[in-house]
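See below for the structure under consideration.
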Amino acid sequence: MGRTTIGIVLNGVTGRMGYRQHLVRSLLAIREQGGLALPDGRRLWPEPILVGRSEAKLREIAERHGLTEWTTDLRAALARPDVQIYFDSQVTAQREKALKLAIEAGKHIYTEKPTAEDLSGAIELARLADEAGIKHGAVQDKLFLPGLRKLDRLVKAGFFGRILSVRGEFGYWVFEGDWQAAQRPSWNYRAADGGGITVDMFPHWHYVLEQIFGRVAAVTAHVTTHIPQRWDEAGERYDATADDAAYGIFEIERPGQSGRIVAQINSSWSVRVYRDELVEFQVDGTEGSAVAGLRNCRIQHRAATPKPVWNPDLPATEDFRSQWQVVPDNEEFDNAFKAQWELFLRHVVADEPYSWDLWSGARGVQLAELGLASARDGRRIEIPALDGEPAR
């Protein structure tokens with residue numbers, strides 16, 4: 001069978017995530033493997049059209065990778081008949097307007113999260129996409145990481161018995177930018193530009209919890225700005241108006257299990273790392289426990305659980321970490337972003353099932369919005385169903 005080309009507009013490719021993960025490690029990696037195999041034997045060949053605000057940056061990226069299609073005119077790119085998919089990895093404040101233009105142009109939508117700045121905008125995008133009859137997806141990359149895929153495997157196998165709790169730790173120290181350059185762009189710390197760790201990370205935690213454990217039914221959160229002043233890319237000091245740490249408690253309803261699972265997840269750009277990976281989740285159940293990071297996963301079964309005794313008067317003699325068993329890979333794990341891109345492309349071209357859509361993205365925005373409301377009002381909030389979401 002032959003090769004089928006699919007035009008994909010990539011907006012925001014000059015940014016770190018858009019360039020590194022979505023262009024280089026996903027679409028160009030698919031091309032390097034000879035295209036994406038389709039069920040009918042054809043090979044799907046992604047043809048990126050780069051879009052951004054800087055002609056110089058776009059030209060440099062295109063020349064670096066032997067690409068010829070780039071423009072600063074989004075409307076012109078969307079008007080091209082050879083374009084079928086629009087992808088957005090811009091700053092959050094610019095995303096909703098661009099996605100609406102793509103929907104109006106009849107293009108299938110794939111987008112980074114959060115899908116919009118607020119819940120009403122996220123719901124409207126999902127509704128408009130449904131009404132236009134296009135296919136749509138939101139990036140949920142962490143589900144495809146090796147550590148979380150192993151964790152999901154354990155859950156599906158019933159390893160934990162009745163799941164009791166989830167504890168997550170995410171974050172690292174982002175330098176203030178004065179004597180050492182920051183690892184994240186300055187807009188992340190300005191609320192007016194869509195910054196803040198709650199709106200950034202709560203959508204991630206939502207799909208991780210929902211897809212692996214069950215429906216997120218309630219949230220209690222405390223958010224804060226630990227570092228009130230930072231220095232931007234030009235070395236100018238500015239006020240950090242967005243939160244840089246969020247401490248959340250999420251209640252999860254798991255089908256077939258009585259009682260809610262309690263998930264506690266700390267997210268911080270103001271914490272120094274003393275753990276094996278930048279994010280780790282510990283899951284405890286009646287039959288066993290697991291600790292999963294980005295790549296690794298360790299387990300301790302009920303039958304192999306030691307019996308420590310609290311005695312602060314004596315030094316600990318047990319090596320607690322050595323009492324856990326490593327979960328083997330048992331398969332090759334591809335780049336998480338590339339894995340989801342391949343699923344979405346097959347969804348568009350071969351109509352294969354796909355559940356990580358704009359409605360799922362809207363539920364993530366909802367959790368972030370309600371988390372901020374919980375922190376502001378000092379209360380626990382039950383999470384309602386989204387208005388207008390179709391039954392599944």
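Give me a comma-separated list of calculated 3J(HN,Hα) values for the stretch 355-364, in order, Karplus coefficients 6.51, -1.76, 1.60 applied at θ = phi - 60°, integers in Hz, x for any Gly or Pro.
10, 8, 9, 5, 5, 5, x, 5, 5, x
Any idea how far apart residue 278 and residue 227 come out in nm if each label point goes 7 Å out from Cα toward Cβ?
Label-label distance for residue 278 and residue 227, simple model: 1.4 nm.
Restricting the count to DSSP beta bridges whose residues both fall in the chain, what percent are antiparallel, rounded to a multiple of 5?
Bridges in the chain are about 60 percent antiparallel.
Within 10 Å of each residue's Cβ, count the other Cβ atoms and sort 186, 322, 89 from fewest upward.
322, 186, 89
Show that you can apply the helix-only estimate: for the chain, add -39,500 (n - 2.57) for every DSSP H stretch of four or more residues, divide by all residues, and state [θ] at 222 nm to the nearest 500.
Estimated from H runs of four or more residues: -8500 deg cm²/dmol.
Just grab the label-to-label distance for residue 172 and residue 382, each label 7 Å out from Cα along the Cβ direction, in nm (one decimal).
Modelled inter-label distance: 4.1 nm.
Work out the FRET efficiency for residue 294 and residue 71 from their Cβ-Cβ distance, taking R0 = 25 Å, and round it to the nearest 0.05.
Here the calculated transfer efficiency is 0.10.
What FRET efficiency would be calculated for the residue pair residue 319, residue 254, taking the C-beta separation as r and a Förster radius of 30 Å, to the nearest 0.05? Mind showing how you got there, number by number?
Working: r = 33 Å, r/R0 = 1.10.
The computed FRET efficiency comes out at 0.35.
Please grab the % of Cα pairs in the stretch 146-326 that end up more than 25 Å from each other. Numbers along the way, then the final one.
Values: 7240 of 16290 pairs.
Roughly 44 percent, rounded to a whole number.
Run a plain Debye calculation on the chain (Cα atoms as equal point scatterers, no solvent) and give log10 I(q)/I(0) at q = 0.06, 0.12, 0.13, 0.15 Å⁻¹, rounded to two decimals, same order as the q list.
-0.25, -1.03, -1.19, -1.51
Contact order normalised by length for the chain, with contacts defined as Cα pairs under 8 Å and 6 or more residues apart; what percent is it?
Computed over the chain, the figure is 20 percent.
Net charge near residue 62: determine it from the other residues with C-beta under 12 Å of the C-beta of residue 62, scoring Lys and Arg +1 and Asp and Glu -1.
Net charge around residue 62: -1.
Length gain on complete extension for the stretch residue 332 to residue 57, per 0.36 nm per residue less the alpha carbon to alpha carbon distance? Mind dumping the intermediate values first?
Details: separation 275, 0.36 × 275 = 99.00 nm, distance 3.44 nm.
That works out to 95.6 nm of additional length.
Quote to one decimal, in nm, the extra length available between residue 93 and residue 391 on full extension: 0.36 nm per residue of separation minus the C-alpha distance between them.
So the chain would gain 104.3 nm between residue 93 and residue 391.
Return the long-range amide H neighbours of residue 49 (sequence gap of 5 or more, or a different chain), with a cut-off of under 5 Å between placed amide H atoms.
Placed amide hydrogens put 8, 9, 10 under 5 Å from residue 49.
Taken together, the values in this text are just the output of simple stated rules run on the coordinates, not laboratory data. None of the values given here were measured: they were computed from a predicted structure. Don't worry about glycine lacking a Cβ; one is built from the backbone with ideal geometry, like all the others, and counts go over all protein chains shown.
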